[in-house]
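The values are calculated or read from the model by the stated rules, or taken from the named source; none is laboratory data. Treat the numbers as computed from the prediction; the structure is a model and nothing was measured. Neighbour counts are summed over all protein chains in view; Cβ atoms, including those assigned to glycine, are modelled from backbone coordinates with ideal geometry. Ligands, DNA and RNA are excluded from the accessible area calculation, which covers all protein heavy atoms including side chains. Shrake-Rupley method; radii C 1.70, N 1.55, O 1.52, S 1.80 Å.
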Amino acid sequence: MFTTREQLRAHVVEQHEANAMQVEEQIFDSALEFEKWLEEARKAHCVDFVTRSGGGIRTRYMACSRSGLSKAKWTVDADRVARFPVRTGEECTAFLRTKEREDGKIEARYCLQHFGHEKEPARLRLSKSEKEHIVNLVQEDHNVDWVLNKIQELHSDKESERLYFASRKDVRAVVEQYGLTKGRRDANDMQSVKLWVDEDAASTSPWKNFFSYQPAVNSDGDGFYLGIMTEEQRDLLKQYAYRGVCVDSTHNCTRYKYKLVTLLVFDDIGRGRPCAFYFCKEESAEQLLPFFREVRERCGPLTPEVLMSDDNNAFWNAWREVFDVSNTHKILCAWHVMRNWALNKGKIEDKERQQHILEQLYLLHREPRRIKFDQMLVEILTMLDEEVEYKSYLQSTYLNTEERIKEWAPYSRAGLVAHTNMAVERWHRTLKRTYLNGSQNSRIDQVLFYLFKAIEDLNRECDVQANRKVLNNQYRIRETHRRHKNGYIFYAAHLEMIKPGPDAETWLIQSRTAPDLWYTVSKRRTCKCSIEARCRLCGMCWEEFSCECPDSIRSGTACAHVHAVVSLKTGQRPLNELLQRSRAPLLGSLDVDHPTSSTEAPLELELEENQESDATKQWSIRCSQGIAALKPMRVAPDNRVEYEALLKRLIVLQSVQPEIEPRHRCQGRPSNAPPVRSSSAPVVDRRTAINKRRRDEREGTSQASQAKRATRYVHMDPSDVQFCRKCLKSDDPGCEAVIEWIQCEGPCGLWFHNMCYNDTICDFC
């Protein structure tokens with residue numbers, strides 16, 4: 001039995017021949033010099049000393065931090081994963097004894113060699129200097145991920161540096177220890193929130209950001225409520241609420257079991273803009289009423305065209321208690337509806353039948369025509385006649401009333417500002433992952449700080465995009481331009497596929513994939529939105545026109561049929577009317593009103609059959625001339641016919657491109673391949689070319705997939721339908737007599753029970 005570690009070291013040297021373990025003595029002139037030496041010894045020998053006992057005020061006895069038995073209990077439960085203790089369970093020979101003299105010098109007697117464990121810098125504690133290094137990085141106002149990446153760049157020696165093994169948990173622990181948590185006003189979380197509210201109330205500004213505050217009644221946070229709305233958010237809500245609002249909640253934002261409710265609107269280009277927040281314990285109408293009442297008091301009466309939420313009636317019930325809903329439609333998120341249908345597919349036993357039914361429901365959920373929707377609905381119910389459990393689920397959850405069907409049916413949401421609730425979901429995801437770093441243990445005051453920061457960052461980003469005119473990166477605008485390109489290029493060469501409709505400002509357009517299918521495009525209204533929200537190529541806003549194709553139900557974008565009709569039949573010239581007014585200085589230098597020399601130059605677009613050797617050269621030259629002439633900014637306003645003719649001729653040129661001989665049949669470059677451009681020509685970046693090819697492949701795959709899905713659904717014979725459209729049941733409700741059916745002679749052609757049918761007027765025609 002050894003009473004000191006020096007005796008243990010002597011035993012190890014004598015019995016185990018560890019001659020490298022030497023006891024040394026050294027005198028340091030100051031405490032600063034001693035601390036510097038201790039840091040160097042820690043890095044060189046991977047040793048971290050902890051005080052075990054003291055021999056007085058000036059004497060300390062320290063041992064290796066990995067020496068001895070661990071006091072932690074090895075209990076494994078479901079909430080916490082057990083980890084290996086730092087201490088090894090055996091005594092280590094490394095020790096340090098210091099004595100401080102009266103003159104300030106420090107005497108040290110030490111042994112820096114270990115016995116009983118290996119050198120593992122990952123098991124050391126963070127030293128004071130390492131913690132200060134992390135603090136300096138955090139104080140530069142960087143997030144945890146940036147700090148961790150910077151540490152990994154600066155410390156790459158895994159044999160001796162503890163910071164090489166730093167983790168997010170280490171950074172957060174240092175932030176907590178040094179009191180660097182954002183938004184903290186007090187060590188107690190609830191008291192800190194109260195100080196936030198008191199500071200806002202005591203400010204000289206007439207606007208107060210917090211409302212409906214109710215402090216918690218205990219340490220668990222029960223009874224806590226808090227609403228947040230800035231003045232900028234108030235203005236956004238008053239400006240855009242008429243188009244529609246989305247409301248949803250998220251959890252795991254704080255260490256308490258609170259829900260964060262977000263009220264969101266959409267601006268001119270379809271971006272989601274959060275306008276109010278509310279902390280509450282449950283999603284009940286009773287707890288949401290104070291939130292909506294305060295919103296009404298701050299913004300006045302709101303009459304949105306649509307209120308979108310998840311399948312929870314608490315939001316709708318609380319909203320209609322406060323606001324007038326006579327002109328407001330409640331709709332469900334289309335993505336959540338489809339997800340719920342897929343989650344319950346287990347009620348159908350046959351796997352192949354599961355996939356088939358889900359495909360039919362997907363097509364049903366994309367059918368914007370009311371008559372076609374009703375026909376498909378009763379046919380799908382007939383298909384499910386043998387799947388009693390899944391059919392009962394649909395009838396009890398989504399088909400119980402006509403009002404319930406309108407909440408998710410595509411025909412009831414045409415032209416609405418939102419089709420899904422993804423804008424709120426994306427906002428919650430950004431808040432929790434980007435600002436809270438995925439932490440589910442955040443204090444409420446920290447969440448408040450990052451809520452205000454996130455709102456400020458979003459407002460600044462929108463201002464930058466609006467003033468620098470860089471909105472082309474927005475997803476909806478990119479999709480709008482892609483649809484315009486696809487629709488215009490195809491229908492410009494097939495103008496016979498667009499015909500005038502029966503009414504004014506209506507057109508019939510033939511489908512690109514189904515020749516026997518015609519869609520009706522009609523003008524819905526005249527929109528007064530800003531030019532940033534419109535298509536740059538045809539000046540059309542997606543809210544102005546409607547189409548009967550499945551792609552038209554997507555909010556924020558118009559289908560290719562609408563773009564083709566507007567560009568080819570309505571005669572709009574936005575590039576010379578809208579853009580010229582908003583970008584007059586830019587267009588003034590482009591000579592828009594006068595054709596350029598490339599347009600005036602005669603184009604010989606007839607291919608000569610006798611010059612087969614020069615076919616490739618002629619084709620390349622003519623395509624280059626055609627592309628130069630097709631630039632919209634370089635065509636005069638009165639040359640609309642010339643512009644369309646040039647486009648059609650270019651399409652003809654592409655169709656007669658000479659066939660290139662495969663490379664494996666010749667040595668080097670094929671003789672009839674298009675000529676390689678000269679070194680003076682601009683070089684397209686390889687990554688740009690790859691991205692363009694992948695984008696074109698995705699567009700082709702998407703169109704092929706859409707055409708494939710559209711051809712899968714085959715309508716039944718009307719006589720095979722076994723469900724009444726009115727009651728959505730196969731038998732006569734409340735009657736045991738013989739079932740009598742009647743078919744509507746109107747456009748719908750649906751079958752009804754005799755008792756359900758209205759002889760005067762059909763509700764579905």
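Some notes on this structure:
- Restricting attention to segment 1-49 and to residues that are in contact (Cβ under 8 Å) with a residue 60 or more places away in the chain, among the charged types (D, E, K, R) and part of a loop (DSSP other than H, G, I, E, B), the residue that is most open to solvent (accessible area, probe 1.4 Å) turns out to be Asp29.
Matching residues to (1) at pLDDT 90 or above; (2) buried (at least 16 other Cβ atoms within 10 Å of the Cβ):
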position: Val295; (1), (2): yes, yes
position: Arg298; (1), (2): yes, yes
position: Pro301; (1), (2): yes, no
position: Arg320; (1), (2): yes, yes
position: Phe323; (1), (2): yes, yes
position: His329; (1), (2): no, yes
position: Met338; (1), (2): yes, yes
position: Lys351; (1), (2): no, no
position: Leu364; (1), (2): no, yes
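- Residue in segment 265-286 that is among the charged types (D, E, K, R) and open to solvent by less than 10 Å² (accessible area, probe 1.4 Å) present: yes
- Segment 423-434 - residue that is out of contact with any Leu (no Cβ under 8 Å at 6 or more places or on another chain) and either of a type in the set (Phe, Trp, Tyr) or at pLDDT below 90 (or both) and, of those, farthest from Asn143 (Cα to Cα): Arg433
- Criterion (in contact with a strand residue (DSSP E or B) (Cβ under 9 Å, 6 or more places away or on another chain), of a type outside the set (Gly, Ala, Ser) and on the phi < 0 side of the Ramachandran plot) met by exactly one of Arg404, Arg413, Arg443, Arg433: Arg413
A quick yes/no check of all residues on (1) of a type in the set (Phe, Trp, Tyr); (2) under 42 Å from the mean Cα position of the chain (by Cα); (3) open to solvent by 50 Å² or more (accessible area, probe 1.4 Å); (4) under 27 Å from Leu32 (Cβ atoms):
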{"site": "Phe84", "(1), (2), (3), (4)": "yes, yes, yes, no"}
{"site": "Glu91", "(1), (2), (3), (4)": "no, no, yes, no"}
{"site": "Lys99", "(1), (2), (3), (4)": "no, no, yes, yes"}
{"site": "Lys105", "(1), (2), (3), (4)": "no, no, yes, yes"}
{"site": "Arg109", "(1), (2), (3), (4)": "no, no, yes, yes"}
{"site": "His117", "(1), (2), (3), (4)": "no, no, no, no"}
{"site": "Arg123", "(1), (2), (3), (4)": "no, yes, yes, no"}
{"site": "Glu132", "(1), (2), (3), (4)": "no, yes, yes, yes"}
{"site": "Leu137", "(1), (2), (3), (4)": "no, yes, no, yes"}
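- The lone exception for Glu359 - which of (1) open to solvent by less than 60 Å² (accessible area, probe 1.4 Å); (2) of a type in the set (Asp, Glu); (3) out of contact with any Lys or Arg (no Cβ under 8 Å at 6 or more places or on another chain) it fails: (3)
- Only listed residue being without any contact (Cβ under 8 Å) to a residue 24 or more places away in the chain, open to solvent by 80 Å² or more (accessible area, probe 1.4 Å) and closer than 28 Å to Leu236 by Cα, chosen from Arg525, Arg426: Arg525
- Output for segment 185-211, where each listed residue is crowded, with 17+ Cβ neighbours inside 10 Å, closer than 30 Å to Val265 by Cα and in contact with a helix residue (DSSP H, G or I) (Cβ under 7 Å, 6 or more places away or on another chain): Val193, Trp196, Asn209, Phe210, Phe211
- In segment 157-177, of all residues being at pLDDT 85 or above and hydroxyl-bearing (Ser, Thr, Tyr), the one that is most open to solvent (accessible area, probe 1.4 Å) corresponds to Tyr164.
- Out of Asp457, Asp463, sole residue that is open to solvent by 70 Å² or more (accessible area, probe 1.4 Å) and either over 24 Å from Leu180 (Cβ atoms) or free of Cβ contacts under 8 Å to residues at least 40 places away in the same chain (or both): Asp463
- Pairs meeting the criteria (first residue in segment 111-122 and among the small types (Gly, Ala, Ser), second residue surrounded by fewer than 16 Cβ atoms within 10 Å (Cβ to Cβ) and in a loop (DSSP other than H, G, I, E, B), beta carbons under 6 Å, at least 6 apart or on different chains) are Gly116/Glu90.
- Listed by position, the strands (runs of 3 or more DSSP E) contained in segment 255-367 that have at least 2 residues being farther than 30 Å from His715 by Cβ and under 25 Å from the mean Cα position of the chain (by Cα) are 259-266, 272-280, 306-309.
- Residues located in segment 466-520, provided they are surrounded by 13 or more Cβ atoms within 10 Å (Cβ to Cβ), closer than 30 Å to Arg273 by Cα and of a type outside the set (Lys, Arg): Ala466, Leu471, Gln474, Ile477, Glu479, Thr480, His481, His484
- In segment 381-412, the residues that are in contact with a Phe, Trp or Tyr (Cβ under 9 Å, 6 or more places away or on another chain) and under 18 Å from Asp720 (Cβ atoms): Leu381, Thr382, Leu384, Asp385
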